[in-house]
1. Given contacts defined as C-alpha pairs under 8 Å and at least six residues apart, what's the relative contact order of the stretch 109-239, whole-number percent?
2. Over what distance in Å are the Cα centres of the stretch 77-102 and the stretch 320-393 separated?
3. Highest first, please rank the peptides 94-100, 130-136, 104-110 by the mean number of other Cβ atoms sitting within 10 Å of their residues.
4. Among 159-165, 216-222, 205-211, how do they line up from the highest to the lowest mean number of other beta-carbon atoms within 10 Å?
5. Output the relative contact order of the stretch 227-525, whole-number percent, from Cα pairs under 8 angstrom with separation of 6+ residues.
6. For the stretch 7-218, state the semi-axes of the equivalent ellipsoid (square roots of 5 times the eigenvalues of the alpha-carbon gyration tensor), sorted largest first and rounded to whole angstrom.
7. Which angle between 0 and 90 degrees, to the nearest 10, do you get for helix 396-407 versus the longest principal axis of the chain when only C-alpha atoms count?
8. Counting only helical runs of four or more DSSP H residues, what would the 222 nm mean residue ellipticity of the chain come to if each run contributes -39,500 (n - 2.57) and the total is spread over all its residues?
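Every number in this text was worked out from the coordinates using simple rules, so none of it is lab data. These numbers come from a predicted model, not from an experiment. Don't worry about glycine lacking a Cβ; one is built from the backbone with ideal geometry, like all the others, and counts go over all protein chains shown.
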Ligand SMILES: NC(=O)C1=CN([C@@H]2O[C@H](COP(=O)(O)OP(=O)(O)OC[C@H]3O[C@@H](n4cnc5c(N)ncnc54)[C@H](OP(=O)(O)O)[C@@H]3O)[C@@H](O)[C@H]2O)[C@@H](O)CC1
Ligand SMILES: Nc1ncnc2c1ncn2[C@@H]1O[C@H](COP(=O)(O)OP(=O)(O)O)[C@@H](O)[C@H]1O
Ligand SMILES: [K+]
């Protein structure tokens, strides 16, 4: 089984490690196995004959590094060791003694160090708990200032394993080889500048130990292509028809921000949703019709400034006629009374952009208390702060958990590492994205895509069921598996960022405007 989706804190990793050792695996044997795998990975990056500097700490992260030093020495690399500590853990001390007896040059002062082509960072792993100061801090800053690439073992030394916070100073790695299971800190936004390209080294931790420590339904998970694809509504049932593929209502746009409505609608189009209705101010109806001939465009009465002033739905239709509703992009805040009207709907509701700004004005928690079905809020950091001013966004994982619990909504906090939490604190983190998405309008595309996916999967699940399950957010048991609303939110997030990555590969990071992004959504699935 792929262990890519699990995420651990330092204390959980230590518990798992203890179980393995108690079961009989010798500590030295595990270190030997792990370091062997690291050495193999390194040999794919570094050519024999090149010079490798090994930075060894006092704990088992240093032990790993010293075994790597020995292996590379025998494989024909020129190796030296920097080991400035006077007291080492026993196993680490043994490996250090053997390396010295092999005549691998060892140094305690940075001023003595020869040049090298690569540095291997084994100073600290998940055992680092306090600030790095003095000699070691100076050394880390010295290594960062050099121009040789650094490869970190387990986590860049200096990062807090859980929060990704820099404890004094930290190694800026080109590669990070995370050992066994992904550490939570590597998924925090503040750690990104230090990690480089991250890879997991699977060293066969028994699944039973993982589940014993993390629980049968782990609280924090990484979104992977496998987890995301398993939630997509593919293949379509052979005998389906358009009303069985979901009916999404978008409420978006204004005379001032007509483009936001188009981008949201193009995101929804790519989701494959069966029926798409779009409520916009009447003035921009012809524009929407010309871009989306397949959608039902509902022209609504508008304010003097060109914002929707009242939702005028077609005859025999009310908000509960739709499988899902997504609202917000391009609305403006000119007519706040629209949001209390929409909040009353009994179907899942996505609120984004100006809908969130209005929600913050009229009271986030008191307004959401009126909801009888699932609500999904998709703020970026600024909107998050307006909605939940008392929650610190520094530890984004904790922040989404707290916000979701307080608001009884699913919170999707956008950013370079988008984090999603349901009210019970189950979190998904999107580990792969691209700064090419940091452009106006790309969030609108996500809102449409998410709305369309929700409508489709909820319909497929038979509808109705979820209405009684607001707290559990469980959609249904389809194809022998439970799909919860937050799983659908995670899938939309993954799809959106993969489209950004694919578009950036084809067109560079500068070539991913929001319209272009919509054109890469379907190619992600073809790939
Ligand atoms: N789990 C697994 O399955 C496996 C784990 N493995 C490896 O073990 C690593 C964890 O090893 P670990 O527990 O020995 O801790 P690690 O991070 O090496 O160092 C902590 C040491 O540093 C010291 N120290 C702390 N802060 C300091 C500071 N600010 N400034 C100065 N010193 C400071 C502290 O000593 P102290 O001073 O507190 O006595 C302590 O001794 C893990 O990341 C992975 O690489 C693999 O080998 C096998 C599979
Ligand atoms: N540095 C980044 N790396 C990866 N993804 C990013 C980055 N910056 C922004 N994004 C993504 O781009 C989108 C921007 O959304 P948002 O801020 O709502 O923009 P807009 O409101 O203009 O549409 C989000 O999905 C976010 O996760
Ligand atoms: K390290």
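1. Working: 199 pairs, mean separation 24.6, N = 131.
Averaging sequence separation for qualifying contacts and normalising by length gives 19 percent for the stretch 109-239.
2. If you average the Cα positions of each part, the centres end up 57 Å apart.
3. Put in order of decreasing packing, that is 94-100, 104-110, 130-136.
4. Numbers: 159-165: 22.7, 216-222: 16.7, 205-211: 15.0.
Result, highest mean Cβ count within 10 Å first: 159-165, 216-222, 205-211.
5. Details: 658 pairs, mean separation 61.3, N = 299.
Answer for the stretch 227-525 is 20 percent.
6. Details: eigenvalues 135, 78, 50 Å².
Three semi-axes, in Å: 26, 20, 16.
7. It is inclined by approximately 30 degrees.
8. On the way: 19 runs with 200 residues, N = 527.
It lands at -11500 deg cm²/dmol.
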